[in-house]
Number of protein chains: 4
Amino acid sequence: MPPHPSLTPEQQDEIARLKAASTPTRRATVPALEEVLYEAHPVLDHGFVRVIDYMGDDAAIVQAARVSYGKGTRQVSQDRGLIRYLMRHRHTSPFEMCEIKLHVKLPIFIARQWVRHRTASLNEISARYSVLDREVYIPHPDHLAAQSSANHQGRGEALAGAEAERVLAILKDDAARTYANYEDMLNVDSDGAPLDPDRQGLARELARMNLTLNTYTQWYWKVDLHNLLHFLALRADHHAQLEIRLYAETILDLVEKWVPLTVEAFRDYRLGGTSLSAKDMQVVRRLLAGEAVEQPDSGLSAREWRELMAALDR
Amino acid sequence: MPPHPSLTPEQQDEIARLKAASTPTRRATVPALEEVLYEAHPVLDHGFVRVIDYMGDDAAIVQAARVSYGKGTRQVSQDRGLIRYLMRHRHTSPFEMCEIKLHVKLPIFIARQWVRHRTASLNEISARYSVLDREVYIPHPDHLAAQSSANHQGRGEALAGAEAERVLAILKDDAARTYANYEDMLNVDSDGAPLDPDRQGLARELARMNLTLNTYTQWYWKVDLHNLLHFLALRADHHAQLEIRLYAETILDLVEKWVPLTVEAFRDYRLGGTSLSAKDMQVVRRLLAGEAVEQPDSGLSAREWRELMAALDR
Amino acid sequence: MPPHPSLTPEQQDEIARLKAASTPTRRATVPALEEVLYEAHPVLDHGFVRVIDYMGDDAAIVQAARVSYGKGTRQVSQDRGLIRYLMRHRHTSPFEMCEIKLHVKLPIFIARQWVRHRTASLNEISARYSVLDREVYIPHPDHLAAQSSANHQGRGEALAGAEAERVLAILKDDAARTYANYEDMLNVDSDGAPLDPDRQGLARELARMNLTLNTYTQWYWKVDLHNLLHFLALRADHHAQLEIRLYAETILDLVEKWVPLTVEAFRDYRLGGTSLSAKDMQVVRRLLAGEAVEQPDSGLSAREWRELMAALDR
Amino acid sequence: MPPHPSLTPEQQDEIARLKAASTPTRRATVPALEEVLYEAHPVLDHGFVRVIDYMGDDAAIVQAARVSYGKGTRQVSQDRGLIRYLMRHRHTSPFEMCEIKLHVKLPIFIARQWVRHRTASLNEISARYSVLDREVYIPHPDHLAAQSSANHQGRGEALAGAEAERVLAILKDDAARTYANYEDMLNVDSDGAPLDPDRQGLARELARMNLTLNTYTQWYWKVDLHNLLHFLALRADHHAQLEIRLYAETILDLVEKWVPLTVEAFRDYRLGGTSLSAKDMQVVRRLLAGEAVEQPDSGLSAREWRELMAALDR
């Protein structure tokens, strides 16, 4: 994996040093995840996801579900069957027995969506304590979407040339100006030296309020596998905002290296699954019986009917 | 209470309508809190705290602690004694039996501190769905503090005249420009009409990234009394950032109307209380025995010694 | 409602006193739930559920989802549509804005299942502090089910006469003996007086270990509506153990008085809903296209096929 | 470590097999804890604590607190200072970055206290699904304490000979009878074969209700270090019931092998620490100033005064 463009040489050295060290352990270990431990997997223009640590593997889920003295079962096929059963019947507690710790760099407006997931542990860099780096998210032109006309919280097509250029210019310009003014108010230059020896500098906890919401922040985020899958089910979904979806997809790939049987079941039952209401199921049964059901006599509202037909590809 | 300056006449009407209605209930009711229900208690330049609903009172804490069929006790003095006992010995679960729901308007950078308290329920207005109002926090000149030279995450004195003016000008100017550009990218004017019929307008979920962190947001926040007291212990403390402290103090006043016995005990044991380590207590005992203890022979580090002497007013 | 058979006259008086008192409030109030507040709704032979307090109503869910200044909408039909939308798309946070507090009396082995739901507040009577009452759960003969031969954790038919009688005799006899020995070890009679002045009596926190798991306990349990619906989805389900299902059904009836629009949507989308996997949906689509799909070419395991056919009534 | 007396040879083999395997890892590893991984550390007569897995070490706390790319600091002394600072100022989130998973065997009445700690993950063996083993907790005669006359929920001296013998006989006798009747109702012998081919056997989920509360159960319990320390602060305290305290002390010893710097700080600031109220501190300051304060003019109740004097060893 090539070095991440936003890492300093010192940071790359630290990562290389961690990757080089190896110690023996009696704990459950997953070679495919060990392989990419500590690496900065890029997301967006300056962001990344790094796996810092993990606990457990697919077998640990089985082991906990059985409250066993040794490993869960002797055969992978039995583990697979039990994991599918647990996922299908939403027996969620064994999935809580695996844990992962990530280091994530992400824009603040995405961080604000992320923290709606409360059952996780978090340590974020503090802009009361430190001066934030001059790094802001500027969307790739392909991602510069128009407001959807059909959906209040959706995106339409990408903006056309002139409008896209105008938007990019605004985003870059405002971010550059507000960051420069942040340093001005702090009275520090990029090396941390005073700009003007006669000024005191505004408190960091106040100056940060001038930064725009696309400024990058960083955090350590630790979560159990059950709550992570819930996060992924919502954030790797096509209703999620593209930017957080790109993080979710990167994380899902890493989770697949870690617990492949669980991710297989998750893709089948949750990500690709469909929830049908009691009324939906009545319609499906009538259709299967050969009846020609139409929306007005379906018991469904127009919107529910549309959603059901979409799910059935009709 | 005079109307809050940031409320529209329609919002004031809605609040007046809610305040005018009264229905009988058999539930525990607190007249002093009913008196101020729904009102917008101002904080900072555009923010507020409104109490929307509450469950329980001081007696409900006692009732739950005793798992009783009726009210907890017959006498306020007994309730007071038991509440002080529960607070002193950190028997926290009975305090979870009271609940309060607030509507809060606050700057985004404060909202980001607030959500570190995870054991609460939250509904925030969505800037994916709606266009945010043109309201930003500009600190009062008295609150425009310099960075503390002694404390990495603290404030020093207020900035002097010229530097303060410069900072205020930057904050106002950048907020005005980034908000104007937000509308420009959205291609909407302040009434929601298109600025230019030939442009599509950037998706709201993207355009918001250009806003600065002092833009106001709003949410409904519901929390139980135990977790609220924990929030207040941290955020009404003098280590907390002034802006969130002002919210915490406003809330503490409202909580005092609601559960006065609990707040009395909280002020004594928690807000005004001091935690001393085993080593600290050894020093206190030696001092009480008349010994002339100095830092080098105290077993405390220089920093711990300084903190202990400050706590003892020596 | 007739008085609950296990309540003492003093307890009935306390409840009557609470029911008689009425005070005005500006809060959201639900007359249908006020009507049954404080009453002991019987479950099993000695158990009950009492509603002690509640916060919010259907409109409060809408109000929070919109972060509004007044009530959510002007019309019940709009509230209904939005609540159904929230339920269908699992936008769960607005349902957290309602809260209910129950007083429940239940056998210990059911209490142990109940506490697996962790996102709730709980105050239980302490058998370290008090002597527990002589009340145990003895199943009704109709509920005295044989072990299912098909399902490791299921029930079969009710036991036949002689075996049922034998079981009932054992349960009654062992409960009576272990409770009598509990009092003997405590050295107290049923009025709390010493049985033998020359004995000290075993500590209550130890003596309780001799009680059987069908002994009744009591607690105050407070939970938000989202977490309560999750509890009901699992515990009012036919996979749940009958005894906890009877509690769940009693609670669901009370919740229906409280938030009827929410319960209507919950019954349709959650209780009566079906989750289909990606593979299940492929089979459904093939069947709807007129294809004669059989298990071997369905991509489903035998067990998954059986579960799908059952859901489709085929 | 000698094999635990309650483990079968098969279970001992499983443990030996896990201990023998070793794989390389790049994760943070703690040799002192690896040494005792999987072993059954005995508690009470049949109980144990086994460490199954762990994530992080003292350095990981520092690393998360600094949101660093590599390890937290280069020197143990710096780590120690920062950890003490975090503990002293109750900056708890970095301690959430370490996680431990235990397998615990414990009596049911202790399990019921344990689950009051809700912020943890749990998988317990199911007595709906399996037949529980014939193992009950019978206290050691030294632990057979009388009810305290001074404290409603405390223990006094150990019971004298005849009363102790009587109690032990009751506990053993009732446990033996109720367990035998449990098998009788299930219609299984200790090998799982039917006792009487003409009986069906009561459902396991019902039969278990005849067991006494000192029957042993088992679970996997996973918790982060912050919540574990909170558990230990309450359960390794002398107010805790002896039986759960013995588990807490065993766990504390294991945690000390894992994160020794954290446990050192925890012992000083939390376990050995004292919380003084605002009024307590006024009394301490007056005493230090040489004033002869007595309870009536202290502002403290008689009970608070007694507790303060005890803390000050006066």
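The values are calculated or read from the model by the stated rules, or taken from the named source; none is laboratory data. Predicted model only: the values in this text are computed from it and were never measured. Cβ: placed from backbone, ideal geometry, glycine included. Neighbour counts: every protein chain shown.
The single condition among (1) among the small types (Gly, Ala, Ser); (2) more than 13 Å from chain B (Cβ to nearest Cβ); (3) closer than 27 Å to residue B:10 by Cα; (4) touching a residue at least 24 places away in the same chain (Cβ under 8 Å) that residue C:81 does not meet is (4).
Residues in region D:1-34 that are under 19 Å from residue A:70 (Cβ atoms), in contact (Cβ under 8 Å) with a residue 24 or more places away in the chain and facing chain A (nearest Cβ under 9 Å): 2 in all.
Of A:203, A:292, A:278, all but one fail to be surrounded by 22 or more Cβ atoms within 10 Å (Cβ to Cβ) and over 23 Å from the mean Cα position of the chain (by Cα); the exception is A:203.
Residues of region B:92-135 that are among the hydrophobic types (A, V, I, L, M, F, W, C) and within 30 Å of residue A:150 (Cα to Cα): B:108, B:122, B:125, B:127, B:131, B:132. Listed by first and then second residue, the pairs linking a residue in region B:126-143 that is within 20 Å of residue B:243 (Cβ to Cβ) to a residue that is surrounded by fewer than 14 Cβ atoms within 10 Å (Cβ to Cβ), with Cβ atoms under 8 Å apart and 6 or more places separating them unless they lie on different chains, are B:134/B:190; B:138/B:172.
Of all residues in region D:288-314, those satisfying the criterion of being part of a helix (DSSP H, G or I) and of a type in the set (A, V, I, L, M) are D:288, D:302, D:308, D:309, D:310, D:311.
Taken together, the criteria exclude residue B:263 from residues that are of a type in the set (A, V, I, L, M, F, W, C), at pLDDT 95 or above and in contact with a Ser or Thr (Cβ under 8 Å, 6 or more places away or on another chain).
On the given criteria, is residue C:93 among the hydroxyl-bearing types (Ser, Thr, Tyr) and either within 22 Å of residue B:39 (Cα to Cα) or at pLDDT below 95 (or both)? Write out each step before concluding.
Working: among the hydroxyl-bearing types (Ser, Thr, Tyr): yes; either within 22 Å of residue B:39 (Cα to Cα) or at pLDDT below 95 (or both): no.
No.
If you go through region A:212-234 and keep only what is within 7 Å of another protein chain (Cβ to nearest Cβ) and either of a type in the set (Lys, Arg) or within 19 Å of residue A:38 (Cβ to Cβ) (or both), you end up with A:218, A:219, A:220, A:222. Of all positions in region C:84-101, none carries a residue that is more than 11 Å from every other protein chain (Cβ to nearest Cβ), of a type outside the set (S, T, N, Q) and buried (at least 23 other Cβ atoms within 10 Å of the Cβ).
Within region C:178-200, which residues are in a loop (DSSP other than H, G, I, E, B) and surrounded by 18 or more Cβ atoms within 10 Å (Cβ to Cβ)? It would help to see each step written out before you state the result.
Here is the first cut: in region C:178-200, the residues in a loop (DSSP other than H, G, I, E, B) are C:187, C:189-193, C:195-200.
Those that are in a loop (DSSP other than H, G, I, E, B) and surrounded by 18 or more Cβ atoms within 10 Å (Cβ to Cβ): C:187, C:199, C:200.
Residue count for region B:297-314 under the criterion of being more than 14 Å from residue B:276 (Cβ to Cβ) and out of contact with any helix residue (DSSP H, G or I) (no Cβ under 9 Å at 6 or more places or on another chain): the result is 1. Could you list all residues from region D:109-151 that are more than 14 Å from chain A (Cβ to nearest Cβ), within 30 Å of residue B:119 (Cβ to Cβ), out of contact with any Asp or Glu (no Cβ under 6 Å at 6 or more places or on another chain) and not in a loop (DSSP other than H, G, I, E, B)? D:109, D:112, D:113, D:114, listed by residue number.
For residue D:175, indicate whether it is touching a residue at least 40 places away in the same chain (Cβ under 8 Å), buried (at least 19 other Cβ atoms within 10 Å of the Cβ) and of a type in the set (A, V, I, L, M, F, W, C). Spelling it out, residue D:175 is indeed touching a residue at least 40 places away in the same chain (Cβ under 8 Å), buried (at least 19 other Cβ atoms within 10 Å of the Cβ) and of a type in the set (A, V, I, L, M, F, W, C).
Looking at A:252, A:171, just one residue is within 27 Å of the chain's Cα centre (by Cα) and within 16 Å of residue B:211 (Cα to Cα), and that residue is A:171. Can you tell me how many residues within region D:152-168 are at the interface with another protein chain (Cβ under 10 Å from one of its Cβ atoms) and surrounded by fewer than 12 Cβ atoms within 10 Å (Cβ to Cβ)? Number of matching residues: 2. Is it fair to say residue B:117 is more than 18 Å from the chain's Cα centre (by Cα), in the same structural domain as residue B:59 (by TED's automatic domain parsing) and not charged (D, E, K, R)? So residue B:117 fails the test.
Within region D:145-163, no residue satisfies the criterion of being over 29 Å from residue D:303 (Cβ atoms) and either at pLDDT 95 or above or touching a His at 6+ places or on another chain (Cβ under 9 Å) (or both). Checking C:285, C:267 one by one, the residue that is more than 19 Å from residue A:272 (Cβ to Cβ), free of Cβ contacts under 8 Å to residues at least 60 places away in the same chain, assigned to a helix (DSSP H, G or I) and facing chain A (nearest Cβ under 10 Å) is C:267 and no other.
For every residue, the table says whether it meets (1) basic (Lys, Arg); (2) within 7 Å of chain C (Cβ to nearest Cβ).
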{"site": "A:278", "(1), (2)": "no, yes"}
{"site": "A:290", "(1), (2)": "no, no"}
{"site": "A:306", "(1), (2)": "yes, no"}
{"site": "A:313", "(1), (2)": "no, yes"}
